[in-house]
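This report concerns only the one structure given below.
The values are calculated or read from the model by the stated rules, or taken from the named source; none is laboratory data. This one's a predicted model, so the numbers in the text were calculated from it and none came from an experiment. Every residue, glycine as well, gets a Cβ built from its backbone with ideal geometry; the counts of neighbours run over all protein chains shown.
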Amino acid sequence: MANLTTKLGRLQMKNPVMTASGTFGYGTEYSDFMDLSRIGGIIVKGTTLRERQGNQYPRMAETASGMLNAVGLQNKGVNYFIEHIYPTIKDLDTNVIVNVSGSEIDDYVKTAEIINELDKIPGIELNISCPNVKEGGMAFGVSCAAAAKVVSAVRKVYDKELIVKLSPNVTDIAEIAKAVEDAGADSISLINTLLGMAINSKTRKPMLSTITGGLSGPAVKPIALRMVWQVTHAVKVPVVGLGGIMNATDAIEFMLAGATAIQVGTANFIDPAISEKIVEGINDYLDTNNFSSVTEIIGALEI
């Protein structure tokens with residue numbers, strides 16, 4: 001068996017396979033389907049300072065080669081997470097990372113500060129695709145200045161692994177990546193969902209209550225792969241690749257493009273054991289191609 005261990009900034013990982021936020025609950029929901037200790041990490045669902053009810057239904061729609069979602073970060077807030085969720089996941093034999101979201105910079109800072117006190121949470125993933133209510137609803141992650149501002153503020157109060165998740169809905173993803181690296185990000189994950197919409201021709205109405213939503217699944221993979229390749233050439237910090245990864249071959253392609261680790265998202269809804277199967281598939285690829293370590297294929301794309 002090849003050596004699958006990798007390092008994401010300060011985070012030691014037994015293998016490069018993680019699950020994407022919003023697609024894997026808090027991890028324990030999947031324990032009947034797979035051995036959670038077999039994967040490198042779990043990114044739990046988005047957590048905010050205060051409880052959020054999420055958007056009105058319908059908020060999910062199937063599309064060709066993907067799905068749209070507009071769940072709206074429904075969760076019961078960070079204090080509920082600490083009291084009720086953390087005790088059930090703190091002893092899982094894998095890295096448990098909390099995805100942190102907010103509508104204002106203070107929300108991010110206070111949430112990160114609270115989570116910083118949790119011994120068994122080695123890192124957070126900062127979702128900067130959220131709309132900044134003080135700036136007219138523009139997402140933090142679509143401008144270099146706004147992205148850097150929120151990352152810098154969180155960096156001052158958070159001293160563990162800080163992963164920053166980038167939005168693909170921008171003109172130049174490399175510029176945003178460099179901005180968050182300079183602001184203190186330890187690593188960068190991308191991509192978040194692409195903005196899209198779906199229409200029911202029979203009712204002549206949008207299929208989502210919010211009209212638009214986030215597109216994920218196989219349809220976004222070529223865009224995600226391109227952006228990961230661009231960002232790995234623009235920054236020095238490790239990059240986590242995600243977007244349309246459905247099997248081990250997809251995961252390997254992201255690593256060849258430069259990703260140190262990958263996240264599995266929409267595929268979890270199709271096969272709840274897919275992450276474990278991807279770990280096995282990566283190992284088979286390494287053995288078949290005579291690689292002794294997974295680190296040998298990171299950025300090994302031949303141009």
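List of remarks:
- Residue in segment 1-47 that is surrounded by the fewest Cβ atoms within 10 Å (Cβ to Cβ), counting only those that are within 16 Å of residue 123 (Cβ to Cβ) and of a type in the set (Gly, Ala, Ser): 9
- One residue from 246, 227 being of a type in the set (A, V, I, L, M, F, W, C), surrounded by fewer than 20 Cβ atoms within 10 Å (Cβ to Cβ) and touching a helix residue (DSSP H, G or I) at 6+ places or on another chain (Cβ under 6 Å): 246
- Verdict on residue 240 being among the hydrophobic types (A, V, I, L, M, F, W, C) and over 14 Å from the mean Cα position of the chain (by Cα): no
- Any hit, segment 51-70, residues being farther than 29 Å from residue 198 by Cα and of a type outside the set (Lys, Arg): no
- Elements of type strands (runs of 3 or more DSSP E) contained in segment 48-104, each with 2 or more residues being buried (at least 18 other Cβ atoms within 10 Å of the Cβ): 66-69, 95-100
- Any hit, segment 161-174, residues being exposed (fewer than 15 other Cβ atoms within 10 Å of the Cβ), under 27 Å from residue 79 (Cα atoms), modelled with pLDDT of 95 or more and of a type in the set (Lys, Arg): no
- Boolean, residue 228 is under 25 Å from residue 13 (Cβ atoms) and touching a residue at least 60 places away in the same chain (Cβ under 8 Å): no
- Any hit, segment 279-299, residues being surrounded by 15 or more Cβ atoms within 10 Å (Cβ to Cβ), of a type outside the set (Gly, Ala, Ser) and within 16 Å of the chain's Cα centre (by Cα): no
- Meets criteria (modelled with pLDDT of 95 or more and touching a strand residue (DSSP E or B) at 6+ places or on another chain (Cβ under 7 Å)) for residue 115: yes
- Failed criterion for residue 205 (all others in (1) surrounded by fewer than 23 Cβ atoms within 10 Å (Cβ to Cβ); (2) at positive phi hold): (2)
- Residue match in segment 212-220 (condition: without any contact (Cβ under 8 Å) to a residue 40 or more places away in the chain, surrounded by 23 or more Cβ atoms within 10 Å (Cβ to Cβ) and assigned to a loop (DSSP other than H, G, I, E, B)): no
- Pick from segment 87-105, criterion touching a residue at least 24 places away in the same chain (Cβ under 8 Å) and out of contact with any strand residue (DSSP E or B) (no Cβ under 9 Å at 6 or more places or on another chain), ranking: nearest to residue 45 (Cα to Cα): 88
- Annotation: residue 260 fulfils all but one of (1) free of Cβ contacts under 8 Å to residues at least 60 places away in the same chain; (2) farther than 20 Å from residue 62 by Cα; (3) crowded, with 23+ Cβ neighbours inside 10 Å; the unmet one is (1).
- Pick from segment 123-138, criterion in contact with a strand residue (DSSP E or B) (Cβ under 9 Å, 6 or more places away or on another chain) and surrounded by fewer than 17 Cβ atoms within 10 Å (Cβ to Cβ), ranking: modelled with the lowest pLDDT: 137
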